Each structure stands twice: as C-alpha cells, then as structure tokens.
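Before any comments, here is the structure.
The values are calculated or read from the model by the stated rules, or taken from the named source; none is laboratory data. Nothing here was measured: the structure is a model prediction, and the numbers come from that model. Using ideal geometry, Cβ is built from the backbone for each residue, glycine included, and neighbour counts are taken over all protein chains shown. For the accessible areas, the whole protein counts, side chains as well, though only heavy atoms, and no ligand, DNA or RNA atoms are used. Shrake-Rupley method; radii C 1.70, N 1.55, O 1.52, S 1.80 Å.
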Amino acid sequence: MVKYNEYKNLNYAKLGEEILAFWKQNGIFEKSVATREGNKPFVFYEGPPSANGTPGIHHVMARAVKDIFCRYKTLKGYQVNRKGGWDTHGLPVELQVEKELGITKEDIGKKITVEEYNQRCRETVMRFKNQWDDLTEKMGYWVDLDNPYITFENDYIESCWALLKRLYDMGYLYKGYTIQPYSPGAGTGLSSHELNQPGCYKMVKDTTIVAQFEVKRITRNMFLFDNENEKVCFLAWTTTPWTLPSNTALAVGKGIKYVKVKTYNPYTFEPVSVILAKDLVSRYFNPKAADLDVEAYSPGDRLIPYKVVEEFEGRDLEGVEFHQLMPYVQPEKPAFRVLIGDFVTTEDGTGIVHIAPTFGSDDFRVAAQNDIPALLVQDENGKPMPLVDKQGRFVPQVTDFAGQYVKNYTGEDETHVEYKTTDVKIAIMLKEQGKAFKVEKYEHTYPHCWRTDKPVLYYPLDSWFIKTTAVKERMIELNKTINWKPESTGTGRFGNWLENLVDWNLSRSRYWGTPLPIWRTEDGDEEICIGSIEQLNKEIAKAVDAGVMEAGIELNDLHRPYVDNIVLLSKSGKPMHREPDLIDVWFDSGAMPYAQWHYPLENKEIFEKNFPADYIAEGVDQTRGWFFTLHALAVMLEDSVAYKNVIANGLVLDKNGNKMSKRLGNAIDPFEMIGQYGPDAVRWYMIANAPPWDNLKFNPEGVVETQRRFFGTLQNTYSFFALYANLDNFTFEGDEIPLKRRTESDRWIISKLNTLVQDVDSNLADYDPTRAARAIQDFVVDDLSNWYVRLNRKRFWKGEYNEDKVAAYQTLYTCLETIAKLASPIAPFYTEQLFRDLNSVSGRNSVESVHLADYPEVAEGAIDKDLEERMQLAQTVSSLVHSLRKKHMIKVRQPLQRILIPVLNEKTKEQVQAVEDLIMSEVNVKTIEYIDDTSGILVKKIKPNFKKLGQVFGPKMKLVAAAVQKMGQEDIATLEREGGFNIQLAEDDTAVLTPEDVEITSEDIPGWLVASEGRLTVALDITITEELKQEGIARDLVNRIQNLRKDSNLEVQDKINITFAKAAPEVNAAIENYQDYIATETQAFSISFADELPNGTLLDIDEYQVYILIDAKAGATA
RNA sequence: GGGCUUGUAGCUCAGGUGGUUAGAGCGCUACACUGAUAAUGUAGAGGUCCGUGGUUCGAGUCCACGCAGGCCCA
C-alpha cells in the first residue's frame, strides 16, 4: 500500500535541493518544452545579463518574474522555449580589466597590445558565469543554459554586421557628429569616465558675458514692442564667450515667467528694453533704482533706473526671431529663433540660454529637435567644420579673432599686464558695440583634461548614427500596441523618450566590442559596409590582388585588432581603412532576437517562428536601454514590435528603502537567502509583497513570515490530510462523489477553489503575479485552513469510512492538488513535492511533475456565489457569537442553548438557515431562532443611502440626511409599510423617501445582549441550565483525556479503557449521562468507576477535580 | 533642472467608476482554545490617509501647487 509522505520537520532548503536533483535526473525542464511540441509557441526573450559581476538578490526578483509567466504559459499548453544569453561587451568589462592590470586606456597599444587586452576582457567577462548558472538553478529559473547566445562570439557579431548592413542599405546609417568633451591639447575625445577622474573638475575664474540679442522688428514679434523706436533685447548669459560667434538660437523655459524691463545699457547708456526671467530681475537691477523716473536718466548717473513693463511666459516667446549677435558666418537654414528647452533654469544667468549647437550637447540636441542649423565653415578639404578648429583656434572666417586660441592652450604668460584672454577681447568688443549688458568674472568648476591639465572644450566629434528619427512616428504608433506593465512606463517614460527621440549614436571609441563594419577611403568619398564574413573575405581577396593588403591574413576573430589590420579596395582603386569605432553595446542586446539564431545568415524559419516576443521582463532602468533598442531595431528592420507584453520591474532596496550596495554592506546575498529559507519562500515573498514594478523593500523577516504563514499553513494542511488519509487508506479510487451529495462546506470550498482558479488565471494572463499570489495565499490560509479544515476536522478522524468521509477526503485532496498546480509557477519546488506526494498515491495525473500538468479547468457549475455569500454569513455570525461569549467569559466548550438572529427579509433567513449546522457546531450552541418584524420587538436603525440620495438631492443632501437621522421607530415602520415617507426639508420644501433611499438594519433586541456587524445582528442566550452544565463538563473531560492520550504518546487510532474515581455529584452525573459521548470522542472501549484511584491523574475542571486512569494496553488492538 | 513613480497603523501592504464609522497581515497587550498544536480564536491599543489650496452636498479617491523618497535623463 502506497502512503502519502509524512514529514516531521520540513526543511525547505533541502526540499529545494532534492527537487532540483529530481528535475535534473528526469529532465523535467526539457520535457516541459518537448511535451508541448507542436503546440502554439509562447515566445520569451531573455535579456542577457553580464557575468562579470556576482549576481544579487535583485536578480532573483527579475528572474522570478520571468520564470513565473513562462511556467504559467507552459501549464496553459504553450510551448515555451527559453534560450539563455550573455551580454559580454562594454565599458564595465574594460574598466574592470584596467583596474586589475593597473593600466589606463592610454596604455592600450603601449604597455599592452590590443590583442592581449581583448583577451583579458574575454576571460574576465565570463568569470562569474558559474555563480550565475548556480543561482539560476537554485532559484528555479528555467532557462536553457546549455545553448546560450554569447555576444562576443563571431556568429553573433556577424549577425550584428548583417543587420547594420541592412540599415546601411536602407540609408539609416550615417556619419555625423555629437558634442563630446574634447582635449585640444591631447587632440582626443574624453569619455565621461575620464572626466570623472579625481581632480579633473577645477575651480576657474572665467570672464562671463550677459549679451543683448536684439529682437527683430517683424510682424510676428510686434507684441514685444511698445513703440517704433524701442530697442528690445533678450539677455542671455554665458561663461564661454568664445561660443558667441557660433550662436544660432536662444532657449527659454516653457513655464518660466519672463519680464520686459525698460532701462539703459550700463556701458553705452543707450535706452533699451531687456527681457529676462522675472525671478532674476533683482540680480541685474538695484532695487533702489526701481523708483527712479526712467525718462529722467542722464548718462553717467550712478543708479540706472529701470521699470518692469510687461510679463510673459516662456511659451509666449517661442519662435521670436532676433538679429545675429556676431555675424561672421551665415547659417545654411533659417536660424536665430527662441526655442523651448527643458534644461533652462532660473538658478543663475538670466533664464535665457544662448545656444551654440556646435559646442554644447544640450544646444546640439535642442537645435536638432527644432531644425536649427549649426554654424559651420569648410575646411581645406571642403568638409564642414565648426568655427573653432581641433587645436582650439578660431577659423579665419571669424575675422576679428582669426587664429586666436579660445583658451590658453599654448602656455602664454597670463600674469603679463598686456595679456587678455580671447573671452575678454570678445567682451570688450561687445561692450563697445552696445551688445553686452554685463561683464563680470565668475568662479566655477570646469572639467580639465587629465593629461594636459587644460580646460576641455565641448566639441563636435565624428560619430556614426542610426537614423531612428526617420521611423519615430512608426515607433510611437507601434509602442501603443505594446502591453506595458505598468502602463505608465510605456506611455510615460518610454513614450516621452520616443517623443523626444534623437538619432541613435552608435559610436564608441573603445576596444572590447562589436567593431563597426565600415571601411572608408581617407577622403571619405568612398566606403563599404560589410554584412558577412563571406563578403569580407571576398573583399579581402580583391584587396590582396590589388596589392593594398598583404596576403595570408586569416580572420578568426571579428574583434579588434584583427579587423583593423584589414585594408580593402575602393571602386576607384584607393585603400579603405575601417572606421575605428566600436558600436554601442546596446546594439548587441537589441539585436538578440536576430543574432541569437545567427539570423539573417541562417535559421530564417526559427527566427520567424520566434519573432516578435510575446513577453519580456527586465528592470525599469532598461527603458532607454534594452526596451528601446529592441523596439528601434524591430521597427526599422521588421516594421513590427519586438515584444507584445513587457514587465518593467522596479528596484530591490534594503528594508529601510536604501539602495543595496556592497560598499554599504546592506546587500543581501541571494545564495544565503535561498540556503536558509529555500527558493520558494524567497520567490513567494518577493512576488506577493509588492507588484514587480514597485520597488521592493527586501526584509528577510518577511521571508520568514511568508514561510511560516503561507508554506507552514499549507504544509500543516497537507500533513493533516496525509495523517488521516493514510489511516483510512484513502487513495482517491473510484468515482468522485457528486457535489450535490457533499456537504455545504465541501461545496463551499470547491466553489471558492474554482473562483480562485479563475482569479489566478486572469491575473496571470494579465501579467500581474502579485494579485495571483495573494489570492492563493488568502485561499490557503483563510478559507482552506482556518475555516474548512477547522470546521471539518472531525469528519476526518471520527467514525467509519463512509461516503461523507470520502467526500471530505476528496474535497481536501482536490483543493491541495489544485493549489499545487496554481502555485507552481511561483513556488515551483514546494508545489512539485506536494503534487508528487499526492499523485504518487492517487495516480490521478499521468504526468510525473506538476510542471508538466495542465492548468486546472474551471468548473463553472461548481461556483455558487450564493453559497459563498451564505458562508460569509456563517463566518460573521460565528465571529459575533465568539465575541459575545468572550464578553461574558463563557468558554466555547460550554454549550449554550440558543442564539437569536433578527431577520428583516426572507432571503437572509434562508441563507442563515442553510448554514445553521455549521454555525451551531462552530460556536457550540444548540439552536438558532429567527425573529422578524411580526415579533414587534425589533428596534430598527435607519441610515441614509448617500450614494442614491446624493444623485437625487445633490446640494440638499445635508438636510435630507438630518431628516433621516431624526426618523423614529414609527416613521421607519410607516416607510416600510407604505413604501414612502414624507420628510420636511425646509418650511416650504418636502420630499418623499422610498425604502431604496435608506438602509434599515436591526440593531437591538430589548432585554438581550447583542452584537452586530454591518447589517447583521446576533443575540445570545447565556442561561446555563443544569443539563448544559453537565455537557460542558463532559466536553472538558474529553478535552483533558485527549491531552492525556497525547501526553502518553498514544497514536490517533489507539483504543483505551477509562476509569474515573468518584467525584463531585455534578461531575459524576455528567460522566453518567454523557458516557457514550465521552467514549466515542476518546476512542474508549469502556468507562468504569472506582471509589479511589491512587495511581490516577488529577484533572482540574473549573471548580471540580477528578481522578482518572486511562489504560491503553487492554484491548488496544482494535 | 526635466520625465516617470511612490507616500494610508510601529512594519509590509489592500483600498473599481467620489458616498459619510479607512481595512488586512505581522508586531504589541489581554483573554480563550487545544488530536492541524512551533497551530488557532476573540478582544484591545495604534491613523492630521505627506502638506496646502481647490472642485463637490460629500475627497484617502478628482484637480492645482508644494514636500519627501526612488529610477531614468540632463
């Protein structure tokens, strides 16, 4: 006979290991995919992690979220392939290698070859792969670790190349520039990482200028002018006057308030109206001058009068045109307009920002978005360049300053009296021209090149771009079809990002990454984009034939430096060298839907079957990372979304809401957590505690609570089942007993169970695991354990093996088995054990694992909302009676005669009657009586139905409510009897109430002690008769005997003989009268009396004492 | 600085479309129960629903402006 496993002390961590071994041994994961062969696929993309660091607890969160839906969809019959992957390129790896070798980027190619450097990167990036694989397994994240895609492999890179080539052929790949920190002294761009080296930001004193940009006197600007002689100027502040010749626009803040001030130029004393931010007026004007008469000013007066004459919002100023400040070079398109910039503040300056698109990244971006050109000239090769050359000198076209360095890059002696910086010279000139409103020294921090110690310039540097703006509208459109969890990330963070899209800058000046497959002639006139190794080899052959490249170079690795050694031949016969850039690593990860299959070079069918993804999940920080690059590439390459559903999960913080970091020592080790509490409790806690998209404050105590409360309760329930089912040899043989032959509580829990199956299904279908987990938890703890099992305990251990008992077993079994299936996506280990423990005896499922099972079908017919309502009523009544007992200090073991329930309608009465038995046994009361209106003793309470009345009476609500409160018992009776009641609102205003306008409840029964909750009231008869008293004693005796049995370690099924010593007459009578009851309850063959029991045990029952002897040996072999 | 997001009991969180007495679990206190027992029940204490205005007969809920935390971007 196979038995249900019974456990003494379940060790959840050990359980995890055992189940893991079972899965491995039997290839359950593989089977969960293989057995769904031919079914509809559910496509999941794994966002590749980088294995150059150790995994943290937040990875458990992220991966649990991924795992849950893959398992769920498998249960629902889909085939879910999950290919793992590794993200291997990028700056973090490079930095780690440099740190370990004690070198900087500067040393690459000198102290260490690029080859060696990249070799180190390749080794480093997979250093913690074993730890990652280990965590993946231990936490139960099912993903194919044996055939992952790896972004540094040649096949993967080749796919990236093929995709780049496609983009190139579509005209989406172009060379342009971005504004980057640049060191003229060193002649090189600087990464933000280099800029953040200590000591790079230094305090410097710069000459700053508030310049006057004169508004054009054209029709659209006339609202800014008061009269035809007025000169109106925008004031804009700059700490880099050398950028002023390159100005093409001004930026204001949309919501910032600006004012027009009538005043005089402090250097030329000419009258002028200036526009600046309202908040900053006091910074430029002396308040003492505010009262002066503006007209009465004469040049040279110390106080310059001013008058605020008008106010605008930034948005009013958008589009206003102004005259070029320093007209050395003309733009190719219309410029010199006011734009809205989100970076504008009133912290300093004037609240108006001067825009030079060639020398600021904000400037560049806002100009590009508004189609404002940059000021450019042509170099000697006819290529466009900015007004400052790469050495940091003004170009000849800036005639007054031609050839002058914009900063001191030549080591001139700044202490010399004649020395003037270029900024100062510009300031002097603008003052003379009446275009400077204020010139002053300003001390601030400014980044310097760590090599030359000179200030950096923000300078346009070559970059390759993907023209994402070309498909912006389509990306926005398709984004609307994606189901974002939470929705706000899709519409907000991601949507806004798309709205403000700029072209994707692909270039990275680094070593360890996917090389840009573009070869160019030196003059840039000819170029080729390579899309495959095959193509490259052909081109190499051509180049070797033509003699531009030496023969015999074999391409084994597509990384640098090997690709850099390849020289190709242009159509016109010139040599072409590779553009030295690497591509953004985000391209690697965004390309994974294609590159993971080496598509488009092969596997067309597999790709098509697995695109787009049904579901992905990653941290919200990936919005502009992976989520974006997947989307961008899919729209451009396939005119499709890359994913249909996406969960953007939040952060895992420590229990105080702080970010976890190894440095602060508040990081939680995932291995430790799983080792201590097992994987299920950790997963369940994380999912049930907060929705994945909220930040989770991770508190290990919460894991303990989850384990105790949810898993402990579930395990208790199973143990209870197993204990008795084993005794009765219940194996779920034969047919299921029809619902109508089961008890009310059986049908109730089955109804609840089916409701749960529905709820969990719809929540998981909606990608909300938290609601699903909470629903399961509430069912297990509240409904199944604390109500169903508690009420039905006796059915399991008492009496013969009849249909009622079988029904109880079947019901509880069904609940447990269904819970195992429902909860298996979230707690895959424990539910596996539970399922197998149950199934190994019953064999009801033909599968060997819960993860190979099908999601339970909802038995619609078993759902009985009416019944669920009734049971709720029973629970409320019981709770009220318990509360009354407590108030009168009457223990539950003391039977009471009756409770009274006032019922105002027939339905409530019927509902309570249906659950009478349950209530009576739960609260130990003999009868329930109902009193209705006809009894005439009910005291009623009336309360306005605000929702209904509000709609009808609106503003008169308060009067109506007051009138309702005043209604007495007779008024209520009238309302009920006649279906209407007149109330007086004001002297000449009355209204008619209907029964629907109010809520009538029974509150009191005169002469009884009552308790009520909501609309339900219960009264309890607390008279204890002699008979009731005896029964109470009998029950107490049973209780004490049961304790004795337990203390003497008797098994549940052991039989005993009982001997009582004579005691108080009440006790003797109780034993006498309830002999059968006591015997049945305690499984006693016989009950006898003795005059004395010197070896007996003394029992205390309230004020009584009795000696007892129980004998387990005699005839205990029933 | 901008975008997004969160703010409800000591802690973790619920609170469709506004309805007057804001809930649960944990923790705390007391009492009870006892063949699920390292479980359970009942009761109690504990709230300026982040603040300020507004809309409304009525706001935890809607609107505006703030404050504080978080993420991303600059």
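I'd like to check which strands (runs of 3 or more DSSP E) are fully inside segment A:900-996 and have at least 1 residues that are of a type in the set (Phe, Trp, Tyr). Hits in segment A:900-996: A:925-931, A:981-986.
The condition (being open to solvent by 10 Å² or more (accessible area, probe 1.4 Å) and more than 9 Å from RNA strand B (Cβ to nearest atom)) is satisfied by just one residue among A:738, A:769: A:738. For the residues A:1025, A:1001, A:990, the requirement of being within 11 Å of RNA strand B (Cβ to nearest atom) and among the polar types (S, T, N, Q) singles out A:1001. Against the test of being crowded, with 17+ Cβ neighbours inside 10 Å, at pLDDT 90 or above, within 15 Å of RNA strand B (Cβ to nearest atom) and not acidic (Asp, Glu), the options A:764, A:816 yield a single qualifying residue, A:816. Here residue A:693 meets each of (1) closer than 23 Å to residue A:170 by Cα; (2) of a type in the set (Phe, Trp, Tyr); (3) within 15 Å of RNA strand B (Cβ to nearest atom) with one exception, condition (1).
With respect to the stated conditions, residue A:353 fails to be more than 16 Å from RNA strand B (Cβ to nearest atom) and β-branched (Val, Ile, Thr). Of the residues making up segment A:180-226, those that are open to solvent by less than 20 Å² (accessible area, probe 1.4 Å), modelled with pLDDT under 90 and of a type in the set (Val, Ile, Thr) number 4. A residue that is within 13 Å of residue A:730 (Cβ to Cβ), at pLDDT 90 or above and part of a helix (DSSP H, G or I) occurs somewhere in segment A:825-838. Between A:1033, A:1058, the distinction of being among the β-branched types (Val, Ile, Thr), open to solvent by less than 50 Å² (accessible area, probe 1.4 Å), in contact with a helix residue (DSSP H, G or I) (Cβ under 8 Å, 6 or more places away or on another chain) and in a strand (DSSP E or B) belongs to A:1058 only.
Of all residues in segment A:331-350, those being away from RNA strand B (no atom under 15 Å from the Cβ), touching a residue at least 40 places away in the same chain (Cβ under 8 Å) and open to solvent by 40 Å² or more (accessible area, probe 1.4 Å) number 3.
For segment A:581-637, a residue qualifies if it is in contact with a Lys or Arg (Cβ under 6 Å, 6 or more places away or on another chain) and of a type in the set (Gly, Ala, Ser), and exactly one does: A:617.
Report whether or not residue A:614 is in contact with a strand residue (DSSP E or B) (Cβ under 8 Å, 6 or more places away or on another chain) and more than 16 Å from RNA strand B (Cβ to nearest atom). Spelling it out, residue A:614 is indeed in contact with a strand residue (DSSP E or B) (Cβ under 8 Å, 6 or more places away or on another chain) and more than 16 Å from RNA strand B (Cβ to nearest atom).
The conditions of being surrounded by fewer than 20 Cβ atoms within 10 Å (Cβ to Cβ) and not polar (S, T, N, Q) are met by residue A:797. Filtering segment A:557-587 to residues that are of a type in the set (Lys, Arg) and either over 17 Å from residue A:529 (Cβ atoms) or surrounded by fewer than 19 Cβ atoms within 10 Å (Cβ to Cβ) (or both) leaves A:560, A:571, A:574. Only residues that are within 14 Å of residue A:499 (Cα to Cα) and surrounded by fewer than 20 Cβ atoms within 10 Å (Cβ to Cβ) were counted in segment A:624-634, giving 1. Taken over segment A:944-971, residues that are open to solvent by less than 70 Å² (accessible area, probe 1.4 Å) and more than 16 Å from RNA strand B (Cβ to nearest atom) amount to 2.
Pairing residues of segment A:790-803 that are farther than 12 Å from residue A:724 by Cα with residues that are at pLDDT below 85 and more than 8 Å from RNA strand B (Cβ to nearest atom), at Cβ distances under 7 Å and at least 6 apart in sequence or on separate chains, gives A:791/A:918; A:791/A:922. Taking segment A:923-943 as the range and being near RNA strand B (Cβ under 10 Å from one of its atoms) and at pLDDT below 80 as the test, the residues that pass are A:941, A:943.
In summary, residue A:800 fulfils each of the numbered conditions (1) within 13 Å of RNA strand B (Cβ to nearest atom); (2) in a loop (DSSP other than H, G, I, E, B); (3) acidic (Asp, Glu) with the single exception of condition (1).
With respect to the conditions (1) in contact (Cβ under 8 Å) with a residue 24 or more places away in the chain; (2) in contact with a Lys or Arg (Cβ under 8 Å, 6 or more places away or on another chain), residue A:76 lacks only one, and its number is (2).
Checked across segment A:47-59, the condition of being over 30 Å from the mean Cα position of the chain (by Cα) and surrounded by fewer than 17 Cβ atoms within 10 Å (Cβ to Cβ) holds for no residue. Annotation note: of A:135, A:95, the sole residue that is surrounded by fewer than 18 Cβ atoms within 10 Å (Cβ to Cβ), aliphatic (A, V, I, L, M) and part of a helix (DSSP H, G or I) is A:95. When A:744, A:701, A:705, A:733 are checked against the criterion of being open to solvent by 60 Å² or more (accessible area, probe 1.4 Å) and over 30 Å from residue A:648 (Cα atoms), A:733 stands alone in meeting it.
Just to be sure before I move on: is residue A:1073 within 25 Å of residue A:794 (Cα to Cα) and polar (S, T, N, Q) in the structure I sent? Judged against the criteria, residue A:1073 is a match. Listed by first and then second residue, the pairs linking a residue in segment A:891-915 that is at negative phi and within 16 Å of RNA strand B (Cβ to nearest atom) to a residue that is of a type in the set (Lys, Arg) and part of a strand (DSSP E or B), with Cβ atoms under 8 Å apart and 6 or more places separating them unless they lie on different chains, are A:895/A:926; A:896/A:926. For residue A:994, the conditions (1) touching a residue at least 24 places away in the same chain (Cβ under 8 Å); (2) under 30 Å from residue A:902 (Cβ atoms); (3) polar (S, T, N, Q) all hold with the exception of (1).
Exactly one residue out of A:389, A:371, A:379 is open to solvent by 80 Å² or more (accessible area, probe 1.4 Å) and free of Cβ contacts under 8 Å to residues at least 40 places away in the same chain, and it is A:371.
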